[in-house]
Amino acid sequence: MRWWSRWFKAATTPNWLVLDDFFPNLLTGFRVAEYNALLDRFRGLRIASSYGDFDRAHAGYAALYPRFAPRVVRFDPEMLAGCRFAYLNFLNNAAQFLPWLEQHRVAFAMTLYPGGGFGLREAGSDRKLDRVLRSPLLRGLVVTQSASCDYVGPRLRAGVPVREIFGVVANPLYFEPAPRRSWFGLGKAEFDIAFVAEKYMERGANKGFPAFVEGVERWLRTLQPQLAALSRVHVVGGFGAHDWRECLPADLPGPDPAAAGANAAAPRFHGSLETHALRELLSRVDLVVSPNLPFVLHEGNFDGFPTGCCVEASLCGAAFAASDVLGLGAGRYRPGADFIAIDPDASGVASELSFAIAEPPRLRRIGAAGSETTRRLFDPAIQIGARIDFLGQLLDQAALEQPS
């Protein structure tokens, strides 16, 4: 029995579509998790994608999920003729498909995640947001952060229901039994730290990559040689050695520890990893560092809290050190207990790394407490279950609106 079948029985529903611009690329783990659950629950559902490299991505998806693959198709505007309802994730995605939805008079709902074209007090984002939120075809909205909920309230067309579901959908693989893990100083000799993010701009400044690089480098120079030799630095995402070198400050003293073969702490670049490989890596990591900054990628841009990489790391038992400039985690994650709050700069990163390597039991306690909180907040019954419940209500309403 699949995990979501414990709560929901499959049902035949009216013809409807999920519209997406990136799926079925396996690197988008949260989409894979959510859309597979929706396909399993709603037999009348298909996923229609405008992703440019659709054929290659679909082949990879079909190899893992052959049961669902026939219902994942390349988008054609004509498939909206006779469609009763559509669902989308992200503002840019909704704005892209909105003209076709309007042409065919298809009612829709969406999840408004941070990013993906959505920002706070930014003119370009506001224009797209107002057009989508004021569409007479919009039937429901899911928001994932309190800041998003506060921001869209005054802009939303009257009568459109809003469901706040904090966070992001995590792949159910993270909730399956995992091998017993160990931590630095408590069954493991090496201290593994990681930076996990995609590169969306030069040097990954919005994700805090320059702060991570400089903080790690300055921290390494404070360590005794034996501790430096036990430290392993991992980078996941679209970053390489050239990005690391570009972020090195000119005033660093002594030799460059990032040089090939200099010591065991030379960064290891893993590239972008799909869920299975990322889970395997994070199950060996002690601490994920995320010094991300809002309003850097573009005016108004911000990340949700915790970022997806912090959620995935926490579900694997690792502690995470993260900035929360906008206070999005307030009331859900306790700084110093469930996660480590850091300033999004090099000194904030270096300072916390020094504490972390010096106090392994503290790091282990924070990792365990954070994992418990994350498992509660991101339980599939909450994240996907609430979406299924909300979409089910909207589908029932859409069926009532159809002419007889």
### Query
What tally of residues in the range 79-95 results from selecting those that are part of a helix (DSSP H, G or I) and more than 25 Å from Ser125 (Cβ to Cβ)?
2
### Query
Would you call Arg139 under 23 Å from Asn15 (Cβ atoms), modelled with pLDDT under 95, open to solvent by 10 Å² or more (accessible area, probe 1.4 Å) and not small (Gly, Ala, Ser)?
no
### Message
Quick check on my filter: what residues within the range 156-187 are open to solvent by less than 30 Å² (accessible area, probe 1.4 Å) and more than 26 Å from Gly304 (Cα to Cα)?
### Response
Phe184
### Task
Kindly indicate which of Ala398, Ala337, Ala322 is open to solvent by less than 10 Å² (accessible area, probe 1.4 Å), of a type in the set (A, V, I, L, M, F, W, C) and in contact with a helix residue (DSSP H, G or I) (Cβ under 6 Å, 6 or more places away or on another chain).
Ala322
## Note on the structure
Reported set for the range 28-78 where residues are open to solvent by 20 Å² or more (accessible area, probe 1.4 Å), of a type outside the set (Gly, Ala, Ser) and part of a loop (DSSP other than H, G, I, E, B) is Arg43, Tyr51, Asp53, Tyr65, Pro66, Arg67, Phe75, Asp76
### Query
From the list Arg121, Arg218, Arg127, which one is free of Cβ contacts under 8 Å to residues at least 24 places away in the same chain, open to solvent by 10 Å² or more (accessible area, probe 1.4 Å) and over 21 Å from the mean Cα position of the chain (by Cα)?
Arg127
### Task
Would you check if Asn25 is within 19 Å of the chain's Cα centre (by Cα) and outside any helix (DSSP H, G or I)?
yes
### Query
What residue, among those in the range 188-215 that are of a type in the set (Asp, Glu) and assigned to a helix (DSSP H, G or I), is surrounded by the most Cβ atoms within 10 Å (Cβ to Cβ)?
Glu214
### Query
How many residues are at pLDDT below 95, out of contact with any Pro (no Cβ under 7 Å at 6 or more places or on another chain) and either under 15 Å from Gly60 (Cα atoms) or assigned to a helix (DSSP H, G or I) (or both) if we restrict to the range 1-22?
2
### Query
In the range 359-378, what residues are open to solvent by less than 50 Å² (accessible area, probe 1.4 Å) and touching a residue at least 40 places away in the same chain (Cβ under 8 Å)?
Pro360, Leu363, Ile366, Gly367, Ala368, Gly370, Ser371, Thr373, Thr374, Leu377, Phe378
#### Entry: The one condition in (1) open to solvent by less than 20 Å² (accessible area, probe 1.4 Å); (2) modelled with pLDDT of 95 or more; (3) part of a helix (DSSP H, G or I); (4) not aromatic (Phe, Trp, Tyr) that Ala356 fails to fulfil
(2)
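The values are calculated or read from the model by the stated rules, or taken from the named source; none is laboratory data. Everything numeric in this text was worked out from a predicted model, so none of it was measured. Here the Cβ is made from the backbone with ideal geometry for all residues, glycine too, and neighbour counts use every protein chain on show. What goes into the accessible areas is simple: the full protein's heavy atoms, side chains included, and nothing from ligands, DNA or RNA. Shrake-Rupley method; radii C 1.70, N 1.55, O 1.52, S 1.80 Å.
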